[in-house]
């Protein structure tokens, strides 16, 4: 789940300026807003080229500036962006700490922002295997997400499908993933479409449907490559490696795991590197 970059509108000076008069100097707040715009633009470009460490530094500075004049909308957006970068780097603890800026004081933020923060918190709990915490955060995200202002319903369905899968309910997970896939396509959300395909593929593999699983995972991988999302590409490759291993195709599993290791190393995600390395050890 990736939050949109902040788009701040600069305040326009009111009234007319006399002929020949110098324009009024920008206020300190206006200068800080301009700085926020610049930092977010540069962070977005850093993410696009895969330089997540640079993006982390830029979003962190943007968050500091937003907090300096209590612009809570900008604080929320930059906290979500920074947490998403930490997640992509496999830094779960860092992401959780950043999200507390929103989740510890929800009344200061719009409900869609709180819903996104709770949803990301649920995703982080799933990463660490804390299923009870994941369920609690997901419940909170669903409570906060009220349409039409909140538009992350397909993302929350994906998380619900993933939670069911981790609890061993592969059939329920497939049904939820199918609903999430239809919703993401209706919303034209390519990233959530790939997420739904990945979870659906993993659920199919858990039920022995390896051919269907590989087809769905290949579709997810193609989308994530188009979107240039290394973290998600790593997830797809790991899922493909695990599926090939399930059906006894050790050479194919080795190939996917090696690709996952290469991608995660380039992206700096140590958590994914460790998972890929463990698969490679199993297929030696």
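The values are calculated or read from the model by the stated rules, or taken from the named source; none is laboratory data. The shown structure was predicted, so the numbers you read here are calculated from the model rather than taken from an experiment. Heads up, the Cβs are rebuilt from the backbone with ideal geometry, glycines too, and the neighbour counts pull from every protein chain shown.
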Does residue 167 qualify as being surrounded by fewer than 23 Cβ atoms within 10 Å (Cβ to Cβ) and either assigned by TED's automatic domain parsing to the domain that holds residue 202 or under 17 Å from residue 201 (Cα atoms) (or both)? yes
Note: among 157, 197, 176, 126, just one is closer than 19 Å to residue 87 by Cα and outside the structural domain of residue 270 (by TED's automatic domain parsing), namely 126
Considering every residue within the range 205-215, establish whether at least one is within 30 Å of residue 105 (Cα to Cα) and modelled with pLDDT of 95 or more. no
Which residue, of 280, 240, is under 18 Å from residue 198 (Cβ atoms) and part of a helix (DSSP H, G or I)? 240
